[in-house]
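Here is the structure we will look at.
The values are calculated or read from the model by the stated rules, or taken from the named source; none is laboratory data. Keep in mind the model is a prediction, meaning the values are calculated, not measured. Because the Cβ atoms are built from the backbone with ideal geometry, glycine has one as well, and the counts that use them run over all protein chains shown. Side chains included, ligands, DNA and RNA excluded: accessible areas come from the protein's heavy atoms. Shrake-Rupley method; radii C 1.70, N 1.55, O 1.52, S 1.80 Å.
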Amino acid sequence: MEGKAFFIDTTLCIGCRACQIACKQWNQLPATKTENRGGFQNPEDLSFYTYKLVRFSEHRGDDGKPVWYFFPDQCRHCLEPPCKEIPEDPDAIIIDQLTGAVLYTDKLKKENSQDVRESCPYNIPRAEKGTGYMAKCTMCVDRVHNGLLPACVKTCPTGAMNFGDRGEMVALTKERLAEAKSKFPNAVVTGLEDVRVFYLLADEPSKYHEYAHATITPMGIDRKTALKRIARPLKELSREWQMLKGLAS
Amino acid sequence: MTNHWIDLKNSDCILIMGSNAAENHPVSFKWVTEAMKKGAKLINVDPRFTRTSSKADFYTSLRSGTDIAFLGGMIKYIIENNKYFTEYVAEYTNAPFILSDTYGFKDGLFSGYDSTTRKYDKGMWAFDKDANGVPSKDRSLQDPRCVFQHLKQHYSRYDLDTVSAITGTPEEDLLKVYELYSETGAKGKAGTIMYAMGWTQHTVGVQNIRTMSIIQLLLGNMGVAGGGVNALRGESNVQGSTDHCILYHIWPGYLANPSTTWPTLDAYLSRRPKSNDPLSANWWQNEPKYMVSLLKSYFGTRARPENEFGYPWMPKLDAGKTYSWLDIFDEMYKGTIKGFFAWGQNPAASGANANKTRRALAKLDWLVNVNIFDNETCSFWKGPGMDPKTIKTEVFMLPCAVSVEKEGSITNSGRWMQWRYKAAEPPGDARPDGDIIMDLFKKVRYLYRRDANAVFPDPILNLKWDYTTSGAFDPHKVAKEINGYFLKDVTIGDKTFKRGELVPSFAFLQADGSTSSANWLYCNSYTSKGNMAARRTRERTGIGLNPEWAWCWPVNRRIIYNRASVDTYGKPWDPEHTVIQWDGAKWVGDVPDGGWPPMLNPDGTPNPKTKYPFIMKEEGYANIFGPGREDGPFPEHYEPLECPVEKNLLSGQLINPTAPIYGTEMDAYRTCDPRYPFVCTTFRVSEHWQTGVMTRWQPWLLEAQPQLFVEMSPELASLRGIQKGEKVIVESARGKIEAVAIVTHRFRPFKIQGNVIHEVGVPWHYGWVYPKDGGDSANLLTPSAGDPNTRIPESKAFMVNVRKM
């Protein structure tokens, strides 16, 4: 299934946060109470009420002048999402057939949200305090199924946000990387191998955000999830064994 | 703008200075990005490193208030390195004009200065004229008395050393900017400037823009695609309000507001200088047609030749007096103003020296605030430091509709008038402004009719007032009135028009009372072809003129001064971005700035039917020497009213010798005062807008940008022991605010005249009404001193102290 993908060209992003606000508006998410902590980034982090967050980081360039990086963070909609392996209920997290969007359902209420969150190499999933429901970027599947662009893509004024068939976006990303290298020799792209959100960065990913680039190998999964994958058949065997034992006695 | 938003994509080099385009006009960045994709360079000069700076190919900083020094250095560079477009300068600007010997400049002052009145006698800045009364010229630009040589001499003082010591910009950065930008002087290359309040809100605001205009003329960037002098307006329809002249000194279409100097219509209409050069179109000579048509719009059939078309019924300014924003609140503070309509504005937070404004409001008998949300103006009486028991002002709040709740037009920075439709009903009692005005006028007229002792009722009772349909304000009726009508059957040239027909363009307006037009500039916007502002056909190929999308003034000319985009034969300087070109019989492309043929025939002989390109200037040439401004014909660097230095390195004049300064006890200024050692500037951010009257009430926007903050360098923070995220006090001679400290190397200390000078910056989007912990207006700090031409306050450069709470 080819599905869809985002290409986010941070070399064009002006950090205006129209995407962050559009996401709130489309999903009718409440605003949270914030305070200025000495910078522009607000809210501080993703949450059950914030699916898209522009992250700001300041550094110095080679010429000693400031550089200011903007990273519009969101769920990567992995091709093989580690979070999907965590819930006991295999239908708690589903993948949309048409788009490949990784979607959270209300069945996650019964699951261990901490484990779900920790399984994500990008630190995306968030739970609602007290209830255990979880939420994140939905790829605006409702819009996409109706021939519209995701809200953040539609609103972006500079063309930093792009969306389309995954193959198209892969090609666009590679094309833009080649162009970007003349201005930004250290330019890199992330995610082409294993997710549906590709970032073009002018500099090393760690300068943008701790989780800009995954700490997993391409098409790989992290250790904890790997363990869980192995543990599942054993757990099920063990349950079966208990049942059989019960029947037998 | 002389050009328009989409045209930015045609530029080879974009200078963003005096504005923060990515921050405050993010959609414009789409076009900047287009230009950069095609290889254009983006240069950004700003005291702080902003969201715009993050995208620039080259960024450098300068101390707020030193733009003329910076740009003066560029003029020197352009001349000394022969980067100017010689043919353009010699043919289209007044660089070749010979200056009379009454013009002079010495030690910061131009000739003709009267230190008592603090004004210049501009008659001294005159040109030598030949026997025919036409300015003498040396097109080789060599004559020592010509404008070009005077220009060269004037800016010879702006060497790199001096400019760097004034601006704090390193010399190598100055050179880099000068080199990059002046490349656009080459034929076929275009450079553009995107500026905004960072240039206008200074005591030298107009001269900031004049300096850039000179650069653009030297480089041949006026009238061409991707060039021009482009103001990013700060409000979506402020261009509309400017065009319809909701400012004290002008009438719709930029006609001058009459003063008592011209008691009769004839006196007013004959005041414009005439040109003796038959090749100068001197377009303002048509003013009588526009003025009389305007009066006919106001007074209808009651305006007749015998009563000077109602001219005596129009208010006149007292000669020599000004009635600007700063003057209004000065008078209000002194108690001479009894009542005030704060219509769709929030002066208690938006005007400089907000404490003076807030106290002034307390002197009123009554205040009407037409607005959509509660704000610091209508609630001034319960604000910080106010005791309601001592305030007698009666306050009325009239809720009004927002832009999507009514039909009408807005005019954007690019002069495009775009029709808008009603999308929703206004809530509760909220009404469109137009309906509020209709009711107000009806009542005022009724009171005048009824009162036998009414003082001078003529202006009210004689008004023609037919702007409603079924009792409701009708924007189409107003739009048509603005365009104008034929008031009787008339034949002009080979065309015949019937009474009641809409006038097709201002070329058909008459001075004999047979036409009306409430704004000659907008004549052509609503014609027998329909509502031009409502058109929505996009251009599919081309340079982005989009001639069938909406409508722009004048007469849908998208790039003004476009006759300068071609050589004297009518051939484009840049064939790849043709604006207009002569096809042998007529101009094709954009609406030409006058249909007259090119200056030369194909065989090189002069064509007597031509006109010079800069048709709004009396002599037809663009002004490098500009004798019309209050503070001088050449821009000169002066320090802001409150500055951190004791002397101006360029002359003995520290500040603008003509800048208006106010004198009540609320008008305190402290310059070079150790109690206020840091330069402060004010700015905007993407998330909020103006005083935040609309945006502070939007939860998503407030979530993203919740509180007033002050940006400062790590060096300054260290000096004051301030931590990032800590609330601090920023105070000036006029007031103080509490703000969260953003400690960032996006501000760096400046080396000014050998000393370290720190600068800080504060956004002006907050007010005490809401949210409670959001902070108050940055205008509590800003000075009530203004530009001598416009009286815009100097909100961009003043002195403060910053300290821990």
For the pair B and A, total buried accessible area rounded to nearest 100 Å², probe 1.4 Å
3200
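Mind running the shape call on segment B:699-805? Use the C-alpha gyration tensor, a ≥ b ≥ c as the square roots of the eigenvalues: rounded below 1.5 for a/c, prolate if a/b tops b/c, oblate otherwise.
Numbers: a/c = 1.86, a/b = 1.06, b/c = 1.75.
Oblate, since a/c reaches 1.5 and b/c is not below a/b.
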So which residue, out of A:VAL170, A:VAL67, A:VAL144, gets the largest mean-square fluctuation from a GNM of chain A using Cα contacts under 10 Å as springs?
A:VAL67
So who's got an amide H within less than 5 Å of the one on B:THR93, skipping anything under 5 residues away but keeping other chains? H placed 1.01 Å off N, in plane.
B:ALA622
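Note down, for segment B:76-214, the three equivalent ellipsoid semi-axes (square root of 5 times each alpha carbon gyration tensor eigenvalue), biggest first, whole angstrom. All intermediate terms of the calculation are to be shown ahead of the outcome.
Numbers: eigenvalues 142, 100, 42 Å².
Working from the Cα gyration tensor, I get semi-axes of 27, 22, 15 Å.
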Per DSSP H run of at least 4 residues, take -39500 (n - 2.57); add these up for chain A, divide by its residues and hand me the 222 nm value, nearest 500 deg cm²/dmol.
-9000 deg cm²/dmol
Taking H placed 1.01 Å from N in the peptide plane, check which residues at least 5 places from A:TYR199 or on another chain put their amide H under 5 Å from its amide H.
A:ILE8, A:THR190
I need the phi-derived Karplus couplings for segment B:537-554: 6.51 cos²θ - 1.76 cosθ + 1.60, θ = phi - 60°, integer Hz, Gly and Pro marked x.
9, 7, 7, 9, 10, x, 8, x, 5, 6, x, 10, 9, 6, 8, 10, 9, x
Return the residues of segment A:38-58 for which accessible area with all protein chains present is lower than in the chain on its own by 40 Å² or more; set the probe to 1.4 Å and exclude ligands, DNA and RNA.
A:GLY38, A:PHE40, A:GLU58
Using per-residue counts of other Cβ atoms within 10 Å, averaged over each peptide, order A:149-157, A:99-107, B:111-119 from highest down.
A:149-157, A:99-107, B:111-119
When the solvent-accessible surface of protein heavy atoms is calculated with a 1.4 angstrom probe, in what order do B:HIS150, B:HIS688 fall, highest first?
B:HIS150, B:HIS688
Calc'd 3J(HN,Hα), segment A:153-169, phi into Karplus 6.51 cos²θ - 1.76 cosθ + 1.60 (θ = phi - 60°), Hz, glycine/Pro = x, comes to 6, 4, 8, 4, x, 9, x, 5, 8, 10, 8, x, 4, 4, x, 4, 5
Among B:GLY234, B:GLY310, B:PRO432, flag the residue with its Cα farthest along the positive direction of the charge dipole of chain B, charges on Cβ as +1 for Lys/Arg and -1 for Asp/Glu.
B:PRO432
Counting only other chains, and only Cβ atoms inside 10 Å, what mean value do you get across the residues of A:11-24?
5
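For segment B:151-211, which trypsin sites (Lys or Arg not before Pro) are in a loop by DSSP, counting at most 13 other Cβ atoms within 10 Å? Write out the running numbers ahead of the final one.
Working: sites: B:LYS152, B:ARG157, B:LYS176, B:LYS187, B:LYS189, B:ARG210; in loops: B:ARG157, B:LYS187, B:LYS189.
Those that pass, being in a loop and sparsely packed, are B:LYS187.
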In a GNM of chain A with a 10 Å cut-off on Cα contacts, which of A:GLY39, A:GLY167, A:GLY130 has the highest mean-square fluctuation?
A:GLY130
Once you have a ≥ b ≥ c as the square roots of the Cα gyration tensor eigenvalues for chain A, tell me rounded if a/c is under 1.5, and otherwise prolate or oblate according to whether a/b is larger than b/c.
prolate
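Provide a whole-number value for the mean count of partner chain Cβ atoms within 10 Å of the Cβ atoms in peptide B:703-715.
Values: counts 13, 12, 5, 9, 5, 1, 5, 0, 2, 0, 0, 0, 0.
Per-residue shielding by partner chains comes out at 4.
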What translational diffusion coefficient, in µm²/s and rounded to a whole number, does the Stokes-Einstein relation yield for segment A:29-69 at 37 °C and a viscosity of 0.692 mPa s, taking the hydrodynamic radius as the Kirkwood radius over Cα pairs?
273
How far apart, in nm, are the 7 Å Cα→Cβ label points at B:LYS498 and B:LYS724?
7.3
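Using the C-alpha atoms of segment A:3-45, what convex hull volume per residue, in cubic angstrom, is computed?
On the way: hull volume 4.6 nm³, N = 43.
Expressed per residue, the convex hull around the Cα atoms of segment A:3-45 is 108 Å³.
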For the pairs B:LYS356/B:LYS724; A:LYS84/A:LYS109; A:LYS109/A:LYS129; A:LYS52/A:LYS107, note any where the Cα-Cα span goes beyond 20 Å.
B:LYS356/B:LYS724; A:LYS52/A:LYS107
In whole angstrom, note down how far apart the Cα centers of segment B:479-543 and segment B:715-758 are.
55
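Throw me the Rg/Rh for segment B:583-652, computed over C-alpha atoms with Kirkwood Rh, two decimals. Mind dumping the intermediate values first?
Values: Rg = 20.9 Å, Rh = 16.3 Å.
Here the Rg-to-Rh quotient is 1.28.
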Running Debye on the protein assembly as shown with equal point scatterers at the Cα sites and no solvent, what base-10 log of I(q)/I(0) appears at q = 0.06, 0.08, 0.09 Å⁻¹?
-0.51, -0.90, -1.14
Rounded to the nearest 20 Debye, what is the dipole magnitude of segment B:625-679 about its Cα centre when Lys and Arg each give +1 and Asp and Glu each give -1 at the C-beta?
120
Mind checking the log10 I(q)/I(0) for segment B:1-132 at q = 0.11, 0.15 Å⁻¹? Debye, one equal scatterer per Cα, no solvent, two decimals.
-0.64, -0.97
Rg over Rh, two decimals, segment B:58-119 (C-alpha only, Kirkwood Rh):
1.07
Could you point to the residue in B:THR52, A:THR155, B:GLY351 farthest towards the positive end of the protein assembly as shown's charge dipole, with +1 and -1 charges on the Cβ of Lys/Arg and Asp/Glu respectively?
A:THR155
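Magnitude of the Cβ-charge dipole of segment B:408-564, K/R +1 and D/E -1, about the Cα centre, nearest 20 debye?
For segment B:408-564, the charge dipole is close to 440 debye.
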Which percent of the accessible area of chain B is formed by carbon and sulfur heavy atoms (probe 1.4 angstrom)?
53
If the only charges are +1 at each Lys and Arg Cβ and -1 at each Asp and Glu Cβ, what is the size of the charge dipole of chain A around the Cα centre, to the nearest 20 debye?
420
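In cubic angstrom, how much convex hull volume per residue do the alpha carbon atoms of segment B:400-459 span? The partial results should precede the final answer.
On the way: hull volume 7.2 nm³, N = 60.
That works out to 120 Å³ per residue.
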In the protein assembly as shown, if the dipole is taken from +1 on Lys/Arg beta carbons and -1 on Asp/Glu beta carbons about the Cα centre, which of B:LEU461, B:THR744, B:LEU15 is farthest to the positive end?
B:LEU461
For B:LYS106, go through the aspartates and glutamates and keep the ones whose alpha-carbon is under 16 Å away, minus same-chain ones fewer than eight residues off.
B:ASP114, B:ASP121, B:ASP631, B:GLU636
If the cut-off is a Cα-Cα distance under 25 Å, which lysines reach B:LYS488, setting aside same-chain residues fewer than 8 apart in sequence?
B:LYS289, B:LYS296, B:LYS464, B:LYS477, B:LYS480, B:LYS498, B:LYS529
With θ taken as phi - 60° and the coefficients 6.51, -1.76 and 1.60, list the Karplus ³J(HN,Hα) couplings across segment A:47-59 in order, rounded to whole Hz; mark glycine and proline as x.
7, 4, 10, 9, 8, 9, 9, 7, 9, 10, 9, 10, 9
Where does each of A:204-214, B:405-415, B:257-267, B:2-12 land if you order them by average Cβ count within 10 Å, highest first?
B:2-12, B:405-415, A:204-214, B:257-267
Run lengths n ≥ 4 of DSSP H only: what is the helix-derived mean residue ellipticity at 222 nm for chain B, with -39500 (n - 2.57) per run over all residues, to the nearest 500?
-6000 deg cm²/dmol
Ordered by packing density, taken as the mean number of other Cβ atoms within 10 Å over each peptide's residues, highest first, how do B:513-524, B:461-472, A:113-124 rank?
B:513-524, A:113-124, B:461-472
